[in-house]
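K.L.:
The structure that follows is given in the form of structure tokens.
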Amino acid sequence: MIKLIISNKPAALIDFRDLDISLDFDIQKIQKDQIKILTNNQDSLFGNSIRYFIEGSLLTKKDLTFIIENEIHILGTITKNTYSSSSELIYDNDIEVITVDDISTETTPWSLVQSIFEKSQKFNANDLIYFSSNENNFRFLMNLLEKDYLRLLMLEIETPENLSKLMEEKVDFRYEVAKRRLGTFDEERAAKFVQLMWKIDNINSREFDPENSKRALISLTYL
């Protein structure tokens with residue numbers, strides 16, 4: 001479990017409580033440089049209900065990656081810039097994020113991508129409108145979906161190492177996410193997904209229509 005506040009300065013524990021964030025567990029305050037020490041004591045870490053609050057420091061994308069990979073339960077603060085650069089990592093790992101300081105976060109595609117590939121995630125209406133009302137935004141999302149789907153399918157026949165070379169990218173959390181999603185795609189769903197993606201591309205190749213694009217994205221979430 002990871003809960004994050006987006007703020008320009010490190011949040012205090014009272015900020016979490018003021019925002020009505022559920023804190024029904026024991027909390028231990030630690031400094032950021034103590035995170036790595038926690039991984040040396042896995043038994044005690046997972047054997048109790050303690051969550052660790054990072055006091056006086058902002059977490060970076062590198063910190064988040066380490067925390068996720070080692071399954072450490074953390075409360076902490078990230079900046080808007082870190083949120084933007086880590087948004088895919090955050091959404092794919094179901095991290096709870098709350099914004100304070102009136103910082104308006106930019107709309108990212110990762111929540112919508114997750115709702116399309118994973119049945120457990122419902123789409124956000126604002127994200128849907130954002131990525132269907134503008135052709136550039138819609139094309140960006142469709143290209144992202146096609147690449148994620150290609151990675152998912154190719155992992156059936158290629159190792160992550162070989163595939164990463166073909167796709168000119170690093171083997172990272174995206175490959176773990178693709179493996180997880182692969183288990184939800186039987187032959188019928190895989191075929192329907194390709195057919196619908198082709199149909200969407202064919203329709204919008206003539207003339208972009210926001211309403212049709214919105215319907216198309218909703219259809220993908222129901223596959």
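K.L.:
How many residues, within segment 201-223, are modelled with pLDDT under 85 and either surrounded by 14 or more Cβ atoms within 10 Å (Cβ to Cβ) or over 27 Å from the mean Cα position of the chain (by Cα) (or both)?
P.N.:
Number of matching residues: 8.
K.L.:
Here's a follow-up. Anything in segment 110-142 that is closer than 12 Å to Tyr91 by Cα, modelled with pLDDT of 85 or more and not polar (S, T, N, Q)? List them, or say none.
P.N.:
Leu112, Val113
K.L.:
Can you tell me which residue in segment 163-183 is modelled with the highest pLDDT, limited to those that are among the basic types (Lys, Arg) and over 23 Å from Gln121 (Cβ atoms)? It would help to see each step written out before you state the result.
P.N.:
Step one: list which residues in segment 163-183 are among the basic types (Lys, Arg), which gives 165, 170, 174, 179-181.
Keeping just the survivors that are over 23 Å from Gln121 (Cβ atoms) gives 165, 170.
Numbers: Lys165: 91, Lys170: 85.
This residue is Lys165.
K.L.:
Can you list the helices (runs of 4 or more DSSP H) found entirely within segment 147-223 that contain at least 1 residues being more than 27 Å from Leu89 (Cβ to Cβ)?
P.N.:
Numbers: elements: 160-166, 173-182, 187-204, 210-221.
By residue number, 187-204, 210-221.
K.L.:
Okay, moving on. So, in segment 1-41, of the ones that are β-branched (Val, Ile, Thr) and at pLDDT below 75, which residue ends up surrounded by the fewest Cβ atoms within 10 Å (Cβ to Cβ)? Steps first, answer last, please.
P.N.:
Taking segment 1-41 first, the residues β-branched (Val, Ile, Thr) are 2, 5-6, 14, 21, 27, 30, 35, 37, 39.
Still in the running and at pLDDT below 75: 14, 21, 39.
On the way: Ile14: 8, Ile21: 13, Thr39: 14.
Among those residues, the one meeting the criterion is Ile14.
K.L.:
Still on this model: Ala191: small (Gly, Ala, Ser) and surrounded by 14 or more Cβ atoms within 10 Å (Cβ to Cβ), yes or no? Even if it seems obvious, please write down each step before you answer.
P.N.:
Working: small (Gly, Ala, Ser): yes; surrounded by 14 or more Cβ atoms within 10 Å (Cβ to Cβ): no.
Spelling it out, it is not the case that Ala191 is small (Gly, Ala, Ser) and surrounded by 14 or more Cβ atoms within 10 Å (Cβ to Cβ).
K.L.:
Give the residue, chosen from Ile116, Ile157, that is of a type in the set (Val, Ile, Thr) and either in contact with a strand residue (DSSP E or B) (Cβ under 7 Å, 6 or more places away or on another chain) or free of Cβ contacts under 8 Å to residues at least 40 places away in the same chain (or both). Show your work before the answer.
P.N.:
On the way: Ile116 fails: either in contact with a strand residue (DSSP E or B) (Cβ under 7 Å, 6 or more places away or on another chain) or free of Cβ contacts under 8 Å to residues at least 40 places away in the same chain (or both).
After applying the criteria, what remains is Ile157.
K.L.:
Here's a check for you: in segment 134-153, which residue that is of a type in the set (S, T, N, Q) and surrounded by 14 or more Cβ atoms within 10 Å (Cβ to Cβ) is nearest to Glu168 (Cα to Cα)? Show your work before the answer.
P.N.:
The initial filter retains those residues of segment 134-153 that are of a type in the set (S, T, N, Q), namely 134, 136-137, 143.
Filter once more, so that each one left must be surrounded by 14 or more Cβ atoms within 10 Å (Cβ to Cβ): 134, 137.
Numbers: Asn134: 29, Asn137: 24 Å.
So the residue we want is Asn137.
K.L.:
Which condition number does Leu163 fail, the rest of (1) among the aliphatic types (A, V, I, L, M); (2) over 26 Å from Ile68 (Cβ atoms); (3) without any contact (Cβ under 8 Å) to a residue 40 or more places away in the chain being met?
P.N.:
So Leu163 meets the others, but not (2).
K.L.:
Now for a separate question. Can you say whether Val177 is of a type in the set (A, V, I, L, M, F, W, C) and in contact with a Ser or Thr (Cβ under 7 Å, 6 or more places away or on another chain), as far as the supplied structure shows? Outline the logic, then answer.
P.N.:
On the way: of a type in the set (A, V, I, L, M, F, W, C): yes; in contact with a Ser or Thr (Cβ under 7 Å, 6 or more places away or on another chain): no.
Judged against the criteria, Val177 is not a match.
The values are calculated or read from the model by the stated rules, or taken from the named source; none is laboratory data. All figures in this text were calculated on a predicted structure; none of them were measured in a lab. Because the Cβ atoms are built from the backbone with ideal geometry, glycine has one as well, and the counts that use them run over all protein chains shown.
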